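Have a look at the structure below before the remarks.
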Amino acid sequence: MITRRSLLLSGGAAALTLSMLPSLADAQLLYGSPAPFSWETLQHKAKTLAEAPYQRPTIRNRDTLFRIDYDAYRQIRYKREAAVWAKGAAYPVELFHLGRFFMEPVRVFAVESGEAREVLYDSALFDYGTTTFASELPGNTGFAGLRVPTSPGEPDWLSFLGASYFRSPGETGQYGLSARGLALDTGMPGPEEFPRFSQFWVERLANTETGTEAGAKSADGITIYALLESKSVAGAYRIKAMRDKGTITEVSAVIYARDDVRRLGLAPLTSMFWYGKLNRAQASDWRPEIHDSDGLAIWTHDGEHIWRPLGNPPMVKLSSFIGGSPKGFGLLQRERHFEAYEDDGVFYNRRPSVWVEPLGDWGEGAVQLLEIPTDDETRDNIVAFWNPKRPLRKGERVAVDYRIYWRDTMPFPDSNATVIASRRGIGGQPGGLERHKSTKYVIDFAGGKLGQLGNADGVTLRVNANRGHVDKVTAYRVVDSERWRGIFDFTPDGKDAVDLRAYLERNGEALSETWMFQHVVNAVKRS
């Protein structure tokens, strides 16, 4: 099973003719014979696979791989002088070894001038430390994935490891949440299906147009092509990765259905949220907060900016934000102060925010957020993705293009104020009789026009709930700051979850993004 802990380790049928390719790497690498390759041939390969029955990957040497546990895997290091394009390229490619958590082998090909040659496994490519038994694996073992350093000897800035997961550290050099190629049946009754990238083709990318929010400009990087396979689908992926104020990964995905898909999740993001300011009562750890992301941000088709704080619900919960093709969505880490975490080991304050920008019209559907209960930080329990309104049926094809920005903040900031903190606790007034009946929500906003306004300027908090009772609504500027605080009490009228919405306004004009949350009865401890 792929776990958060194992992901954090990163940071063929026919015989092949061997050849040495000094132009691609030094003499330690062995390659297969060349074959034509293009984006069109990869799409054809995916379509052909989807028309045939699914074949599970063959796992060789299972007993030996199982012995390569977390501690043993940390001992194994790829020799950086053996990287693909180790000499003369800005972004050499290194390969991951197989192990207990990554048993299914992937094939990796290097592409130059329209020809692809497979990189062949050789134990001599790795240093094994004390895990010497792993060096005896045979030549058909395969690899687990790949990583791309910024230059020889430098840290990674791109990693593909496990299922269809890939990650970048963004601006701060700290890994955090992951993107995935595809999510299938996420949050549905029964097991989720995890497609996997079974083959990769890597190609150098130079002087491309990034198309960022600041305007197109030249950037270099690397292109990763990938073949995606699962029981229900096969797909072709082209991922152009560019260094530009963090990282931009520009994705083209073409997916073919070999069976009906119950729930299709496009451009999925996977993160971890244990507790933060909003659910501090659930904490059993000494650190003030523990999360990779603290909220889902959505820029809707109609131009509204939504902020949905993440939660850790008592049961699996799926939230849907229905509408036309969004301008974007992402899982963000807005709390950037070290004191909010006090963690100088994994540095949650440095985790990247990740924003998805659809390219073209995705039609009607919903941004969906899945929250899974957790009591520790070792497993990802948050998934966000786009679910098209029209289901994907057997024999059909869907194609989408989008950019993923790995940044400290979202690349398209709202001109209005944003939510910077959300809290809740027992409602009412201290000592009041109603104290055990209601929940108090406290929302802090900053930015936009708020710094220019004072308490006498008519700023109000607008709150809506689809059921229950809202009272004690107030908004004021926090003393000695440019922050504004909105407060309200909410009393439910039953045991069902309730959708809450709040934003700051003045004379009918919205001054902030829209805060949204789902109130769950008995989510707050009461004394």
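The values are calculated or read from the model by the stated rules, or taken from the named source; none is laboratory data. Everything numeric here is computed off the predicted structure, so don't read it as measured data. Here the Cβ positions follow ideal geometry from the backbone for every residue, glycine too, while neighbour counts run over all protein chains shown. The accessibility values were calculated without ligands, DNA or RNA, using every heavy atom of the protein model including side chains. Shrake-Rupley method; radii C 1.70, N 1.55, O 1.52, S 1.80 Å.
Numbers below:
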read-out	value
Longest to shortest principal axis, alpha-carbon extents of the range 348-431, angstrom	63, 31, 30
Cα point-scatterer Debye curve for the range 65-206, base-10 log of I(q)/I(0) at q = 0.13 Å⁻¹	-0.62
The range 356-399 and the range 35-79: distance between their alpha carbon centers, rounded to Å	24
Accessible surface, the range 155-207, averaged per residue in Å² (probe 1.4 Å)	28
From phi via Karplus (6.51, -1.76, 1.60), per-residue ³J(HN,Hα) for the range 162-177 in Hz, x at Gly/Pro	x, 6, 10, 6, 8, 9, 9, x, x, 7, 9, x, 10, 5, x, 5
Longest to shortest principal axis, alpha-carbon extents of the range 254-376, angstrom	46, 30, 23
Value in Å of the Kirkwood radius, where the range 379-527 supplies the Cα pairs that are averaged	18.1
Gyration tensor (alpha-carbon) shape descriptor, the range 388-454, a/c threshold 1.5	oblate
For peptides 165-175, 474-484, 84-94, sequence by mean Cβ density within 10 Å, most packed first	165-175, 84-94, 474-484
Greater than 22 Å apart at Cα, pairs in 45/231; 327/389; 317/389; 277/449	277/449
Packing-based order for 226-238, 386-398, using average beta carbon neighbours within 10 Å, highest first	226-238, 386-398
Highest-first arrangement of 43-50, 465-472, where packing means the average Cβ count within 10 Å	43-50, 465-472
Portion, in percent, of the accessible area of the chain that falls on carbon or sulfur, probe 1.4 Å	49
Charge dipole of the chain about the Cα centre (unit charges at C-beta), most positive-ward option of 138, 150, 463	463
Square roots of five times the Cα gyration tensor eigenvalues for the chain, Å	44, 23, 23
Alpha-carbon centroid distance for the pair the range 131-192 / the range 293-324, whole angstrom	26
Cα gyration tensor shape for the range 139-196, rounded if a/c is under 1.5, else prolate or oblate	oblate
